[in-house]
Structures are given as structure tokens and as C-alpha cells.
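Read-outs: derived from the displayed coordinates by stated rules, not from any lab. Keep in mind the model is a prediction, meaning the values are calculated, not measured. Note: ideal-geometry Cβ built from the backbone for every residue, glycine included; neighbour counts use all protein chains shown.
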């Protein structure tokens, strides 16, 4: 599910924009790596292993990091996605999604954080 998101993250990085695949976000050390001054977007599956999305989002908020969290999941996970967006996630992308939709959401998320 995240292969295209990972490819897009690499594409944005080549443009100088920080878009991080959620696979890096398995623990809070990820946030130490990113640092407080980096702004960008984190693309993460709703079933993120390790720290989990709720804890990751809480830590991003606690540290006041300028990172937008875009959650990727299936329609059966909509209730959890609504809960995460109410807690501060930028958006929920329902799989399957088009490359255009993914790029659009990332651009909106980056614009919201800058």
C-alpha cells in the first residue's frame, strides 16, 4: 500500500521538500532525527507498527513540530481515521488512491505547515 507513497516521498525530497515515509516513524527517535526546525509531511499507514499513529501524533503535537501527518488506510478504518484527524492528523487517504490525489494532499499538507 505504501510503495507509491514511498516513491512520492523520494520525488519530493529531490525537490528539496521533506516528505517522510511512515516506515521511519516506528519510534520517537524518528522525531529526534527530523529535528524541531524541519517542516514537512509524514505519510504513514493507519496500522503503523511500533510507536503507533496515536502516540506519534501526540509526540509531534507535544514537541510542536511543523510536520503534517497524512494517514493512509482503507475505508474499513474510517472511524480510526476520523479520530486521528480530530487529534490533529492533516488528512486521511483512502486506499486505493491516485498518484494525483496523493501529490495533491502532500502539497496541501506542506502548505499548511509552512
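The distance between label points at residue 108 and residue 54 comes to 2.6 nm (points 7 Å beyond Cα on the Cα→Cβ vector).
Were the residues from residue 15 through residue 75 laid out at 0.36 nm apart, the gain over their Cα-Cα distance would be 18.5 nm.
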